[in-house]
Amino acid sequence: MKKALFLLLISFAGFSQQNFFNVPSSDITKAKHVFFQQQLNFISAGFQSSTTFCYGLGKNYEIGVNVIGVTVDYAASLADNAGTFIVLNGQKKWDVSPVFSTALGGQIGLSSLADGGTYAYSNGVYKLENTKLVGGIYYSSDAYFGPESRGFNASGTLDKFGFQAGIERNLWKEKLLFQADFISGKHSLGEVVLGGAYFISKNVVLSAGYQIPNMGSKSQDAVVFEITYIPL
């Protein structure tokens with residue numbers, strides 16, 4: 001892609017806390033434990049790396065840091081690089097009932113090009129017998145997602161809000177999971193990712209998926225890989 005607003009597209013896959021692929025799952029890191037996730041997104045012109053660390057504070061709070069947008073450009077053909085972002089993340093969850101909880105979270109930081117970025121969200125989480133459903137509303141600055149509509153087709157500040165959703169379903173012995181998520185909008189993260197995850201041990205998960213752009217979005221088709229360490 002000659003004009004790579006795509007670099008926002010893949011640089012912010014895995015852009016927050018524990019996630020399905022792009023959308024936060026609103027799981028909270030256990031107190032005094034560290035969560036780690038490494039994600040790589042590949043297209044024909046190159047790939048990008050996103051790294052997430054979270055630390056559990058207890059009482060359903062966590063904080064952490066992300067390094068996102070580290071780019072490898074095979075042919076030096078990608079323009080308008082948004083730069084590498086280093087951001088702080090944080091999240092708080094409230095357990096409303098045994099099957100439903102709510103969460104607030106977000107990120108704020110700076111890119112290597114000195115652009116400030118903000119992403120914030122509110123999720124509702126339903127846990128059924130073999131299925132987890134997440135849905136909510138997000139806000140993002142243009143530095144994160146680009147200037148295009150988030151999905152509500154509103155004007156002014158309201159146009160910075162969109163909606164997001166994710167699903168996870170156990171397929172086999174709680175070791176093999178189906179995962180998918182969706183972010184609304186025509187910006188560089190307006191997309192669906194379909195895939196799955198496999199627990200190679202109690203702590204380590206390998207995930208893979210395929211990224212499909214929303215109609216009219218700045219996103220691109222991409223292959224997504226993740227390796228995740230989840231503390232017990």
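The values are calculated or read from the model by the stated rules, or taken from the named source; none is laboratory data. What you see is a predicted model, and the numbers here were worked out from it, not measured in a lab. Cβ coordinates were reconstructed from backbone atoms using ideal geometry, including for glycine residues, and neighbour counts include every protein chain displayed.
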- request: May I ask you to list the residues in region 115-131 that are surrounded by fewer than 20 Cβ atoms within 10 Å (Cβ to Cβ) and touching a Gly at 6+ places or on another chain (Cβ under 8 Å)?
  value: ASP115, GLY116, THR118, ALA120, SER122, GLY124
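Please list, ordered by residue number, the strands (runs of 3 or more DSSP E) wholly in region 143-232 having 3 or more residues that are within 19 Å of GLN48 (Cα to Cα) and out of contact with any helix residue (DSSP H, G or I) (no Cβ under 8 Å at 6 or more places or on another chain). Steps first, please.
Details: elements: 161-172, 176-183, 191-199, 204-213, 222-229.
The qualifying strands (runs of 3 or more DSSP E) are 191-199, 204-213, 222-229.
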query: If we keep just the residues of region 17-43 that are within 9 Å of the chain's Cα centre (by Cα) and outside any loop (DSSP other than H, G, I, E, B), which is surrounded by the fewest Cβ atoms within 10 Å (Cβ to Cβ)?
result: ASN19
- request: Six or more apart or on different chains, Cβ under 6 Å: which pairs go from a residue in region 110-126 that's modelled with pLDDT under 80 to one that's of a type in the set (Ser, Thr, Tyr)? Could you list them?
  value: SER112/THR84
- request: Select from region 198-232 the residues that are within 15 Å of the chain's Cα centre (by Cα) and among the hydrophobic types (A, V, I, L, M, F, W, C) and list them in ascending order.
  value: ALA208, ILE212, ALA222, VAL223, VAL224, PHE225, ILE227
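For region 197-232, give me the residue count where each residue is in contact with a strand residue (DSSP E or B) (Cβ under 9 Å, 6 or more places away or on another chain) and farther than 23 Å from GLY46 by Cα.
The number of residues fulfilling the criteria is 10.
Results for (1) without any contact (Cβ under 8 Å) to a residue 40 or more places away in the chain; (2) closer than 18 Å to SER26 by Cβ; (3) of a type outside the set (A, V, I, L, M, F, W, C), shown as yes or no for each residue.
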residue	(1), (2), (3)
GLY196	yes, no, yes
VAL205	yes, yes, no
SER217	no, no, yes
ALA222	no, no, no
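Out of everything in region 166-187 that is more than 14 Å from the chain's Cα centre (by Cα) and touching a residue at least 40 places away in the same chain (Cβ under 8 Å), what residue ends up being farthest from ILE212 (Cα to Cα)? Working first, answer last.
Filtering region 166-187 for residues more than 14 Å from the chain's Cα centre (by Cα) gives 168-178, 185-187.
In the following step, the residues that additionally are touching a residue at least 40 places away in the same chain (Cβ under 8 Å) were identified as 168, 170, 185, 187.
Numbers: GLU168: 18, ASN170: 23, GLY185: 13, HIS187: 13 Å.
My answer is ASN170.
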